[in-house]
Amino acid sequence: MAVYQIDPIRDPRWRAFAEVHPRASVFHAPEWLEALQRTYGYEPVALTTAGPGEGLRNGLVFCRVNSWLTGRRTVSVPFSDHCAPLAGSQDELDCLLTALKQDLVASRAKYFELRPPGPPCEGLVQLPKAAGFCLHRLDLRPGPDECFRRFHKDCIQRKIRRAERDGLGYEEGTSELLLDRFYRLVIMTRRRQHVPPQPIAWFRNLVSSMGGKVKLRLASKDGRTVAGILTLRHGRTLVYKYGCSDKRFAPLGGTHLLLWKAIQEAGRDGLVELDMGRSDWDDLGLIAFKDRWGAARSALTYLRYPASAVPQATISWTMKLARQVFARSPDAVLTAAGNRLYKHVG
């Protein structure tokens, strides 16, 4: 089978294909790819065996990342939690992987990285493992009321009821004012994590590119914004992509209220799943938080070909040193670091 390269942003076939394929996610969507391109300058490409003028029946989308700091890399897809190759058969998948390896050589990239959800299928199992995460998904089909009954009584139900009883304010939308308040919480949260915040341009471009598929949700108390989440929609799936909060007001349950509002809205709109995203296996607190919503766990394995030449121990040591520096940096320095560094780490 011949393999063709297409532009997944401008080729209307990709949009139509990604909207209906059962394994496609919001991270395959041309709007997500456009936001990546506008913010970080990545080049999005899709491989397919469909020739010009033919409807797409398979596809493998990725971005070419060209960085003076981290080198040339091919990633499917940067800043996504997962992004499955969309092949209808083993032969198609083998064909797409062969073409991806050829592109790796032609573009002089160091490696390509795939992020398929679930255990690697037969065609991917031979690729070296790069990293492993825990992925949580909440089944929304029972309906919001039944979902609520399944939430942990003390850690989730009680938090939601307290937030409602205390009259936390709730706002949603994509206005610049809401984005500004959301981003202040992003800076607070990333500071606690000892890492720089994402560029505000990234969030602006998500809002601009994704339109009605993105929503900011904010909780407030006495005029002070205490928690925020950013959700994305694709088909019948709602994605909880970013969360941030003012830790001083954590007992108020702001994040719990926002997720509950999102679940209620998803139920009204007939959505069937809440994708709660990935967690590091050693982040036991975050994993427990998602468990308590009744979300099901699955393994998420990133694959890299060829295996990285940089020892994992070296990466870990570098990150620990960087976190110590960021922990002591003022907000202006943290924000500037995020603006400069994120395009190199996608």
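Checked against (1) within 26 Å of Pro22 (Cα to Cα); (2) touching a residue at least 60 places away in the same chain (Cβ under 8 Å); (3) under 19 Å from the mean Cα position of the chain (by Cα), Ile287 passes all but condition (1).
Scan the range 40-52 for residues that are polar (S, T, N, Q) and buried (at least 24 other Cβ atoms within 10 Å of the Cβ) and jot them down.
Within the range 40-52, just Thr48 meets the criteria.
Pairs meeting the criteria (first residue in the range 210-224 and farther than 13 Å from Tyr242 by Cβ, second residue acidic (Asp, Glu) and part of a strand (DSSP E or B), beta carbons under 8 Å, at least 6 apart or on different chains) are Ser220/Glu171. The strands (runs of 3 or more DSSP E) falling completely within the range 1-117 that include 1 or more residues that are basic (Lys, Arg) map to 60-67, 71-76.
The single condition among (1) surrounded by fewer than 18 Cβ atoms within 10 Å (Cβ to Cβ); (2) not in a helix (DSSP H, G or I) that Gln264 does not meet is (2).
In summary, Arg192 fulfils each of the numbered conditions (1) buried (at least 17 other Cβ atoms within 10 Å of the Cβ); (2) at pLDDT below 95 with the single exception of condition (1).
The condition of being buried (at least 19 other Cβ atoms within 10 Å of the Cβ), outside the structural domain of Arg233 (by TED's automatic domain parsing) and under 25 Å from the mean Cα position of the chain (by Cα) holds for only one of Leu114, Leu179, Leu140, that being Leu114.
Restricted to the range 22-50, and to residues there that are in contact with an Asp or Glu (Cβ under 9 Å, 6 or more places away or on another chain) and hydrophobic (A, V, I, L, M, F, W, C), the residue that is nearest to Leu274 (Cα to Cα) is Val26. Can we say Arg191 is under 25 Å from the mean Cα position of the chain (by Cα), assigned to a loop (DSSP other than H, G, I, E, B) and of a type in the set (Lys, Arg)? Against the criterion (under 25 Å from the mean Cα position of the chain (by Cα), assigned to a loop (DSSP other than H, G, I, E, B) and of a type in the set (Lys, Arg)), Arg191 does not qualify. Looking at Thr237, is it at pLDDT 95 or above, among the polar types (S, T, N, Q) and within 24 Å of His194 (Cα to Cα)? No, not satisfied.
Just one residue in the set Ser25, Ser67, Ser76 is among the polar types (S, T, N, Q) and surrounded by fewer than 21 Cβ atoms within 10 Å (Cβ to Cβ); that residue is Ser67. Once the range 323-346 is narrowed to residues that are of a type outside the set (D, E, K, R) and not in a helix (DSSP H, G or I), the residue that is farthest from Leu69 (Cα to Cα) is Pro330.
Could you list, ordered by first residue, the pairs with Cβ atoms under 8 Å in which the first is in the range 263-282 and outside the structural domain of Gly235 (by TED's automatic domain parsing) and the second is modelled with pLDDT of 95 or more, at least 6 apart or interchain? That search, which allows pairs on different chains as well, returns nothing.
The values are calculated or read from the model by the stated rules, or taken from the named source; none is laboratory data. As the structure is a prediction and not an experimental result, all values here were calculated from the model. Ideal geometry is used to build each Cβ from the backbone, glycine not excepted, and the neighbour counts take in all protein chains shown.
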